[in-house]
1. Return the residues of region 270-281 that are surrounded by fewer than 22 Cβ atoms within 10 Å (Cβ to Cβ) and touching a residue at least 40 places away in the same chain (Cβ under 8 Å); say none if nothing qualifies.
2. So GLU276 clears everything in (1) of a type outside the set (S, T, N, Q); (2) assigned to a helix (DSSP H, G or I); (3) over 30 Å from ARG125 (Cα atoms) except one condition, right? Which one?
3. From the list LEU111, LEU138, LEU174, LEU192, pick out the single residue that is part of a helix (DSSP H, G or I), farther than 30 Å from ARG60 by Cα and at pLDDT 80 or above.
4. Which is within 14 Å of ALA239 (Cβ to Cβ), hydrophobic (A, V, I, L, M, F, W, C) and in contact with a Gly (Cβ under 6 Å, 6 or more places away or on another chain), of ILE15, ILE80, ILE50?
5. Among (1) touching a Ser or Thr at 6+ places or on another chain (Cβ under 9 Å); (2) farther than 18 Å from LEU101 by Cβ; (3) hydroxyl-bearing (Ser, Thr, Tyr), there is one condition TYR240 misses while meeting the rest; what is its number?
6. Criterion first (modelled with pLDDT under 95 and either assigned to a helix (DSSP H, G or I) or in contact with a Leu (Cβ under 7 Å, 6 or more places away or on another chain) (or both)) does LEU74 satisfy it?
7. Pick out the one residue from GLY256, GLY214 that is surrounded by fewer than 23 Cβ atoms within 10 Å (Cβ to Cβ), closer than 26 Å to LEU78 by Cα and not hydrophobic (A, V, I, L, M, F, W, C).
8. Working carefully through the options TRP44, TRP20, find the one that is touching a residue at least 24 places away in the same chain (Cβ under 8 Å), touching a Ser or Thr at 6+ places or on another chain (Cβ under 9 Å) and within 21 Å of PHE265 (Cβ to Cβ).
Amino acid sequence: MTHKLTPGTAVLLVIPPLLWAGNAVTGRLVHDLISPAALNFIRWVLAFFILLPLAHGVLRKNSPLWPHWRRYALLGLLGIGLYNALQYMALQTSTPINATLVGSSMPVWMLAVGALFFGAAVTRRQVVGALLSVCGVLLVLSRGEWAQLLAFRLVPGDLFMLLATISWAFYSWLLARTSEPGSIRGDWAAFLMAQMVFGLAWSGSFAGAEWATGHTHASWGWPLVAALAFIAVGPAVLAYRCWGVGVQRAGPAVAGFFVNLTPLFAGLLSAAFLGETPQAFHGVAFALIVGGIVVSSRR
């Protein structure tokens, strides 16, 4: 399939990183107020009811969702259940800047997953660009001190974010390849609802496991309510809508590089709302990551 990156598609692919950066900053702001799996589950419950008026038909018995339920259950696991829960777990110990910079290894995982599991061709420029991105991510993981990498001392949140990124790479490739005859793919609200139905089940089971182990907590008040309202409307519904259309138009490999804009937005938002001033190594890491985008996207 031939993909083309138009200005309109580029705008669609810029919106999700901005909203996801806001999601990371919000997750960090409320990490003391609510446990990560509970935050993820409540977020998607709210998003479900926001989307229900637009996509209630997908839940009917004769809906085209059910013949392909296995594919949508897998999309719900990877894109709604695992990715978001792992990100909120990462933000328990990582800053939004670190978490989003680690997430900038996305192009590497997009290329690797595409080549290994979906038969996608990989160009030399894409490999060079991915290696530059990896150098940027390693710089973040080492906190600017390469000796830390040699000693393999990583913050747990960084590892959770790596797992989340790999999960999202699989999700994006499956998203691009989901085109069964008679599917609900043409209706964005129905397509997101089809994933959300199963994603709610997955995130609910993760929240249940968190509660069973005694790690669930929530301190209710206006700060938490406002945070939940934002992440349910913006990073959940709007970002997934724009990402879904953008991936279909530009392809997973190209779209993956737009994720690298998230650290830039996260740095700006962190400085504004968390008072976390970026360090020198963050700037160098971001330069490497942007260099990876430029090299990979040139023709």
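The values are calculated or read from the model by the stated rules, or taken from the named source; none is laboratory data. As the structure is a computational prediction, the values presented were derived from the model and not from experiment. Methodologically, a virtual Cβ is constructed for each residue, glycine included, from the backbone with ideal geometry; neighbour enumeration extends over all protein chains shown.
1. Scanning region 270-281 gives PHE273, LEU274, GLU276, PRO278, GLN279, ALA280, PHE281.
2. The failed condition is (2).
3. LEU111
4. ILE80
5. Against the list (1) touching a Ser or Thr at 6+ places or on another chain (Cβ under 9 Å); (2) farther than 18 Å from LEU101 by Cβ; (3) hydroxyl-bearing (Ser, Thr, Tyr), TYR240 comes up short only on (1).
6. So LEU74 passes the test.
7. The match here is GLY214.
8. Checking each option against the conditions leaves just TRP20.
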